[in-house]
Amino acid sequence: MTLYEDQERILKDCTDRFERLGIDYMLTGSMAMVAYAMMRMTNDIDIVLEVNSRHAEKIINEFEPDYYVPHQRVRDAISRKLMFNVLHQETLVKIDCVMRKDNEFQKVAFSHRKKINYSGFDLWIIGKEDLILSKLIWAKESRSEMQMRDVASMIRNGFDEDYVRSWAKKLDIESILEECIILLGENYVEGHDT
């Protein structure tokens, strides 16, 4: 199997496990881009979770022994609204489990998640505009050209510009958005036309 095939298989397995536990989640990051632009290779799977402290032991028990699960890190990440990762033992595919923050944008983005058919199975995914905004936030923090190219790739096929611009202003990421628009205008950015 290729890395991408392994990632798809593990993504399905993880989302099935979260659904069995009754944990609300949404796929985000580069694997979510498949729904909105051309896929690019990524080293991990990013999933936002809406959990509380009672979920820690359930997650540990559900994912072991098929996954390496750092017990204390899971507990700490949930209580402090951070991130933990689990590692699939057989394939070494890493899943970054990000706790949904309590800020206004994260709450709205999570409320906009939608269920789609993703490569033959259903899962919850972040909305396109919220993924654009999330990647702009990551680009602002990291100055990552890759994140900016991801944004340019997604906006080339159209997006709700009013929504994105409104949130970009609130999140102080307007200048990064403009840089992505310029990047799109100056260079060919891979993506697909819808």
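Here is the figure for the range 42-72: residues that are of a type outside the set (A, V, I, L, M, F, W, C) and either under 22 Å from K107 (Cβ atoms) or exposed (fewer than 13 other Cβ atoms within 10 Å of the Cβ) (or both) total 11.
The residue pairs whose first member lies in the range 34-56 and is closer than 15 Å to I23 by Cα and in contact (Cβ under 8 Å) with a residue 24 or more places away in the chain, whose second member is open to solvent by 60 Å² or more (accessible area, probe 1.4 Å) and outside any strand (DSSP E or B), and whose beta carbons are closer than 7 Å, counting only pairs six or more residues apart or on different chains, are S53/S79. When R80, R143, R75 are checked against the criterion of being more than 16 Å from L49 (Cβ to Cβ), free of Cβ contacts under 8 Å to residues at least 24 places away in the same chain and open to solvent by 30 Å² or more (accessible area, probe 1.4 Å), a single residue qualifies: R143.
Within the range 68-86, identify whether any single residue is assigned to a strand (DSSP E or B), within 19 Å of the chain's Cα centre (by Cα) and under 24 Å from S153 (Cβ atoms), and answer yes or no. No, because not a single residue in the range 68-86 is assigned to a strand (DSSP E or B), within 19 Å of the chain's Cα centre (by Cα) and under 24 Å from S153 (Cβ atoms).
Just for the range 87-107: of the residues that are among the hydrophobic types (A, V, I, L, M, F, W, C) and in contact (Cβ under 8 Å) with a residue 40 or more places away in the chain, which one is surrounded by the most Cβ atoms within 10 Å (Cβ to Cβ)?
Of the residues in the range 87-107, the ones among the hydrophobic types (A, V, I, L, M, F, W, C) are 87, 92-93, 95, 97-99, 105.
In the following step, the residues that additionally are in contact (Cβ under 8 Å) with a residue 40 or more places away in the chain were identified as 93, 95, 97-99, 105.
Values: V93: 22, I95: 22, C97: 26, V98: 21, M99: 19, F105: 15.
Result: C97.
So, in the range 1-21, of the ones that are open to solvent by 60 Å² or more (accessible area, probe 1.4 Å) and in contact with a helix residue (DSSP H, G or I) (Cβ under 9 Å, 6 or more places away or on another chain), which residue ends up nearest to N52 (Cα to Cα)?
Filtering first and then ranking leaves R20.
If you scan the range 22-33, which residues turn out to be in contact (Cβ under 8 Å) with a residue 60 or more places away in the chain, buried (at least 16 other Cβ atoms within 10 Å of the Cβ) and outside any helix (DSSP H, G or I)?
Listed by number, the residues that qualify are Y25, M26, L27, T28.
Residues in the range 96-122 that are closer than 11 Å to T28 by Cα and either in a strand (DSSP E or B) or charged (D, E, K, R) (or both): D96, C97, V98, R113.
Quick one: is F121 more than 30 Å from K169 (Cα to Cα), open to solvent by less than 30 Å² (accessible area, probe 1.4 Å) and either out of contact with any Gly (no Cβ under 6 Å at 6 or more places or on another chain) or charged (D, E, K, R) (or both)? Here the answer is yes, as F121 does meet what is asked.
The values are calculated or read from the model by the stated rules, or taken from the named source; none is laboratory data. All of these numbers come straight from a predicted model, not from anything done at the bench. Counting neighbours? That spans all protein chains shown, and the Cβs are built from the backbone with ideal geometry, glycine included. Accessible surface is based on the protein model in full, side chains and every heavy atom, while ligands, DNA and RNA are left aside. Shrake-Rupley method; radii C 1.70, N 1.55, O 1.52, S 1.80 Å.
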